[in-house]
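Data block below; observations after.
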Amino acid sequence: MPEGHTVHRIARQLDRDFVGHRLTVTSPQGRFAAGASRLDGRVLVGSRAVGKQLFLTVEGGDVLRVHLGLYGAWDFFGRISPLAEGGVAFGSMGAPRLRRAVRMGEGGRDLSARTEGSEPGVFPPPPVGQVRVRIATEESVADLRGPMACEVLDPSTAQVAVARLGPDPAAETDLGAAGDIVVRRLTTRATPVGQLLMDQSVVAGIGNIYRAELLFRARLDPWTPGRRVPTDLARALWQDWATLLDDGIATGVMLTREDLDAAGRAVALVDRDERHWVYGRAGRPCRVCGRPVLVEQMAARKLYRCAGCQLMP
């Protein structure tokens, strides 16, 4: 499932290339025909991510809410702006130009840009596969496929949807106050901290990879009841999440090892096996203590941890 950094990158892509433009909105698949008709012909005025959810606001106040779920993805075609000036922006490198194709989502990664070569010069390209909704301007196209949720909300209902979500460091103006909320929600419950971090009403945007890596970086046993987590450690988790999320948004990559030098980081940006401390490393030696990394089940999701390094307070 795409984690918070991916959704923020999608929001930024839409902000750069679609906000301020009058949209042509269709549902090639047909399942979103009524919603597409409601949005068609209106100017996109806002693109915002909160946790794993995307909120696109059109003139008049209606909001398209999208949750990609496990298999959803956005494909971008046409004039696509880079997401990093002069730096790494996986899937969107170089100056804006026509015939770019970028996919964001589908497992939490950006796929390399590719050229749609079947019909050179044809724009917009014909929809391929089950496209739930197509959003188009004169120069850019965004195709959404496979989302868990895709609906048009009125302004008040959209506000309720956002209010149900926990704090998201990339969406907050006061990280300290938001951190106070997260600390309180983490440290007053008997639920294991590993489960609380995945609860989007506690803190927004954390998925399975970031959950495993945050807890390893904190050397905290995921099975620790939330109420046993010291407040300073809970606050450190929030601050570390803010750091990792900011880095993920900038690079498009979930790189969670802080032990890498510049050369090692460059390798890890392109080599998935070098990016994480414990996630996806079941049975392999812990990079710190050498004990085999464990994989367990917590609330029906895989949980990776090192029993030697991660302890209960």
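Numbers below:
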| quantity | calculated |
| --- | --- |
| Cβ-based net charge around Leu54, under 10 Å, with every Lys or Arg adding one and every Asp or Glu removing one | +3 |
| CD proxy at 222 nm, helix term only [per DSSP H run n ≥ 4: -39500 (n - 2.57); per residue of the chain; nearest 500] | -8500 deg cm²/dmol |
| Residue order, fewest to most surrounding Cβ atoms within 10 angstrom, among Trp238, Trp74 | Trp238, Trp74 |
| Relative contact order (percent, whole number), the chain, Cα cutoff 8 Å, 6+ residue spacing | 17 |
| Residue order, fewest to most surrounding Cβ atoms within 10 angstrom, among Tyr279, Tyr71 | Tyr71, Tyr279 |
| Net +/- balance of residues flanking Tyr304 in space, Cβ distance below 11 Å, scoring K and R +1, D and E -1 | +4 |
| Around Leu186: net Lys/Arg minus Asp/Glu count, Cβ-Cβ under 10 Å | +4 |
| Ranked Ser81, Ser140, criterion: other C-beta atoms within 10 Å, fewest first | Ser81, Ser140 |
| Debye, to nearest 20: dipole size of the range 248-313, +1 on Lys, Arg Cβ, -1 on Asp, Glu Cβ | 260 |
| Long-range HN-HN contacts of Arg42 with modeled amide H, under 5 Å | Leu23 |
| Most positive-pole-ward Cα, Trp277, Gln200, Leu311, against dipole of the chain from beta carbon charges | Leu311 |
| Dipole magnitude (debye, nearest 20) for the range 157-313, charges at Cβ of Lys, Arg, Asp, Glu | 700 |
| Phi to ³J(HN,Hα) by Karplus 6.51 cos²θ - 1.76 cosθ + 1.60 over the range 294-306, Hz, x for Gly, Pro | 8, 10, 10, 10, 10, 6, 6, 10, 5, 10, 9, 7, 10 |
| Hz values of 3J(HN,Hα) by residue in the range 14-20 - Karplus curve (6.51, -1.76, 1.60), Gly and Pro given as x | 5, 5, 6, 10, 10, 4, x |
| Anisotropy class of the range 258-313 from Cα gyration tensor, a/c 1.5 cut | prolate |
| In Hz, Karplus ³J(HN,Hα) per residue of the range 174-189 (6.51, -1.76, 1.60; θ = phi - 60°; x = Gly, Pro) | 10, 5, x, 5, 5, x, 4, 5, 5, 4, 4, 6, 6, 9, 10, 10 |
| Rounded, prolate or oblate (a/c below 1.5 giving rounded, otherwise prolate when a/b exceeds b/c) for the range 169-305 by Cα gyration tensor | oblate |
| Dipole-positive endmost among Val152, Ala268, Leu39 within the chain (Cβ charges, Cα centre) | Ala268 |
| Charge dipole magnitude, Cβ of K and R +1, D and E -1 - the chain, Cα centre, debye nearest 20 | 800 |
| Gaussian network model of the chain, springs between alpha carbon atoms under 10 Å - residue of Pro222, Pro126, Pro28 with greatest fluctuation | Pro126 |
| The range 221-283: C-alpha pair distances exceeding 18 Å, % | 48 |
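No lab work stands behind these numbers, since they all come straight from the coordinates. Being a predicted model, the structure only gives us computed values, none of them experimental. Note: ideal-geometry Cβ built from the backbone for every residue, glycine included; neighbour counts use all protein chains shown.
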